[in-house]
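Colleague: Before we start, here is the structure in question, set down as structure tokens.
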Amino acid sequence: MKKDVTKNLFTPAIHFSFKTVWLFAVLFFLSTAKLIAQDGASLDFAGDGDRADIGDFQLTTAFTIELWVQIYAKEDFQTIIGNKFGGLENPGYTFSVNGYQNEDRKLHLETQNFEAVTDEAVIEYGGWQHIAVTTDGNTAIFYLDGQVLPASQNSVSLASSPYSTSIGDFYHYIIGNGSFNGRMDELRIWNYQRSQTEIQEQMICELEGTEEGLMAYYRFNQGIGEGDNSSLTTLEATVGPDGTFAEFDFSGDIGNFVSDFGVSTGVACEVTSAVTEKEAEQLSLGTLTPNPIQTGNKVQATILSEQDEEIQIGIYNTAGQLLHQQSEFLFAGESTIEINSDLLPAGLCWVRFQQGEKVANRKLIIVR
């Protein structure tokens with residue numbers, strides 16, 4: 001009888017012990033986990049005392065504080081940064097969301113004897129928003145996603161505090177809980193009152209760190225996103241004082257560095273594209289509205305066309321790469337063109353309109 005060798009030809013008899021298989025499985029898991037692990041891109045605060053202490057950091061003249069936040073529901077102060085002791089009469093400053101022991105979702109800047117506050121609730125829980133407060137030392141101006149917010153209560157009185165400054169907690173607040181509950185990205189503090197244009201142009205990118213007037217800058221790009229970061233003790237500053245961590249668990253997606261972000265890591269603010277507003281404008285073009293715009297909405301542009309003619313629209317990122325292109329046929333007179341922002345990534349873009357030999361360019365800021 002002929003021997004059946006099919007089994008030996010196609011299914012070699014290779015035997016592994018249970019211990020060997022288990023070892024291979026562990027090694028595979030570790031190598032896969034390492035491949036998919038992402039760097040930390042923002043910092044999550046659990047709302048129970050998590051903070052970074054940056055020492056004696058005074059703001060006694062004009063300044064700007066700006067950052068990206070993703071905030072979760074919480075009553076009482078959601079402190080972003082401050083050095084005041086509890087009590088309105090005490091010197092120092094505290095920039096926060098929510099007022100004293102309430103959940104009004106307004107932006108607040110508390111200084112000695114004064115509380116500047118937005119007129120309306122502006123924070124939407126669970127999504128990334130860019131917020132800023134600027135002051136000339138006497139009056140505060142608040143911004144949300146680059147737009148000025150009404151604030152009829154806006155007086156400021158700046159004086160040095162004897163207490164250290166904390167990011168993420170009203171550390172010297174003895175009644176209630178002033179801790180931040182949410183995520184921060186790209187915290188920047190300037191020694192002058194920035195204009196709306198300056199805020200808009202750089203809110204969606206990372207700074208170099210050499211910008212004039214930049215006092216402190218925290219990118220929050222540390223550790224492994226959602227990983228074990230228990231060995232971290234210092235908040236690294238690109239500019240300004242490093243911080244000392246306190247109360248963070250540094251594991252999982254709460255009270256830890258996370259891979260979620262407000263600004264994508266590595267996106268520089270420098271505009272290298274040849275498409276800029278400096279190019280001579282020959283086309284009669286109005287402003288883009290709304291601008292900034294949230295992803296998913298449509299931006300409109302009003303154009304005055306001298307004749308029936310097609311117009312070409314190109315949208316470029318700051319590296320000069322074409323992101324989107326469309327064309328429209330316009331009749332002579334005023335026309336409105338719509339562009340769907342679903343097609344575009346968050347960040348700063350340049351929109352170039354060309355009709356025949358006539359050209360016009362506009363900046364467009366897209367936020368998530």
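Colleague: Closer than 24 Å to N90 by Cβ and in a strand (DSSP E or B) - does that describe any residue in segment 168-177?
Modeller: Looking through segment 168-177, at least one residue is closer than 24 Å to N90 by Cβ and in a strand (DSSP E or B).
Colleague: Now a separate question. Could you please find all residues in segment 216-244 being among the hydrophobic types (A, V, I, L, M, F, W, C), under 15 Å from I54 (Cβ atoms) and surrounded by fewer than 20 Cβ atoms within 10 Å (Cβ to Cβ)?
Modeller: A237, V239
Colleague: Looking at N191, N154 in this structure, which one is assigned by TED's automatic domain parsing to the domain that holds L59 and without any contact (Cβ under 8 Å) to a residue 40 or more places away in the chain?
Modeller: Sole residue among the options that is assigned by TED's automatic domain parsing to the domain that holds L59 and without any contact (Cβ under 8 Å) to a residue 40 or more places away in the chain: N154.
Colleague: For segment 102-147, name all the residues that are out of contact with any His (no Cβ under 6 Å at 6 or more places or on another chain), β-branched (V, I, T) and farther than 20 Å from G262 by Cβ.
Modeller: Selection gives T111, T135, T139, I141.
Colleague: Which number in (1) modelled with pLDDT of 95 or more; (2) part of a loop (DSSP other than H, G, I, E, B); (3) acidic (D, E) marks the one condition that E103 misses?
Modeller: The number of the failed condition is (1).
Colleague: Quick check on S179: is it free of Cβ contacts under 8 Å to residues at least 24 places away in the same chain and among the polar types (S, T, N, Q)?
Modeller: no
Colleague: Let me ask another. From the list G49, G126, G137, pick out the single residue that is over 19 Å from the mean Cα position of the chain (by Cα), under 25 Å from F245 (Cα atoms) and not in a strand (DSSP E or B).
Modeller: Of the residues listed, the single one that is over 19 Å from the mean Cα position of the chain (by Cα), under 25 Å from F245 (Cα atoms) and not in a strand (DSSP E or B) is G49.
Colleague: Looking only at segment 57-107, how many residues end up being among the basic types (K, R), within 23 Å of the chain's Cα centre (by Cα) and closer than 18 Å to D169 by Cβ?
Modeller: The qualifying residues number 1.
Colleague: Considering (1) closer than 21 Å to F45 by Cβ; (2) in contact (Cβ under 8 Å) with a residue 40 or more places away in the chain, say which one L144 fails and leave the rest.
Modeller: All conditions pass for L144, except number (2).
Residue-by-condition table, conditions (1) in contact with a Cys (Cβ under 7 Å, 6 or more places away or on another chain); (2) surrounded by 12 or more Cβ atoms within 10 Å (Cβ to Cβ):
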| position | (1), (2) |
| --- | --- |
| E306 | no, yes |
| G314 | no, yes |
| E328 | no, yes |
| E334 | no, yes |
| D342 | no, no |
| A360 | no, yes |
| I366 | yes, yes |
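Colleague: In segment 42-61, what residues are small (G, A, S) and surrounded by fewer than 24 Cβ atoms within 10 Å (Cβ to Cβ)?
Modeller: A46, G47, G49, G55
The values are calculated or read from the model by the stated rules, or taken from the named source; none is laboratory data. Bear in mind the structure is a predicted one, so any value in this text is a computation, not a measurement. All Cβ positions, even for glycine, are placed from backbone atoms using ideal geometry, and neighbour counts span all protein chains on display.
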